[in-house]
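The values are calculated or read from the model by the stated rules, or taken from the named source; none is laboratory data. Every value quoted in this text rests on a predicted model; they were computed, and no experiment measured them. Here the Cβ positions follow ideal geometry from the backbone for every residue, glycine too, while neighbour counts run over all protein chains shown.
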Amino acid sequence: MRGIFFSIDAILALLLALSISALIMNTSSRLQATTIADSQLQKIADDSLVSMDKSGVLGSSVVANSAIPLKEFARIIPGNVCYRIAIYPQSLSTPMIAQENCACRTYSISRRSFVLPEPGTAIYLAEMRACYKGTSG
């Protein structure tokens, strides 16, 4: 009779250990997937700003005082990404130009400064906030 109780006790302990390890593995894989997604989103934002700077889109937006060049460029941003691109003059905290396709509750931020030498040297800051459409609000 004692052998049956020890066997049942061992089986219950084994089931409990397997349940706990399955829970830990499940939580761990979710955290890893979120970290990878956030990393990819940050790379999209960083690469977008670098491309806009190097192709002259940021500068032409400032010169034209228009978001149209930003809107044209934003067509290459993946469709599942919500974004807000804003350009700030060096001395202001309010953007002079902004382009947005949807709002984000939580987002990744990328910033890039750029210089326009004409007509006088001016420093600007471009900021891109990005999130995946499933997390927008």
- Those residues of the range 52-91 which are in contact (Cβ under 8 Å) with a residue 24 or more places away in the chain and of a type in the set (S, T, Y), in sequence order: S61, S66, Y83, Y88
- Task: Could you run through the range 45-89 and say how many residues are under 12 Å from R111 (Cα atoms) and β-branched (V, I, T)?
- Result: 3
- Task: Would you check if V50 is farther than 25 Å from Y132 by Cα, assigned to a helix (DSSP H, G or I) and at pLDDT 80 or above?
- Result: no
- Message: Within the range 71-78, does at least one residue satisfy the condition of being farther than 14 Å from S113 by Cα and not in a helix (DSSP H, G or I)?
- Response: yes
- Read through the list (1) exposed (fewer than 13 other Cβ atoms within 10 Å of the Cβ); (2) of a type in the set (K, R); (3) in contact with a strand residue (DSSP E or B) (Cβ under 8 Å, 6 or more places away or on another chain), then give the number of the only condition that R84 fails. (1)
- Query: Within the range 84-107, can you find the residues that are part of a strand (DSSP E or B) and under 20 Å from A64 (Cβ atoms)?
  - Reply: R84, I85, A86, I87, Y88, P89, I97, A98, Q99, E100
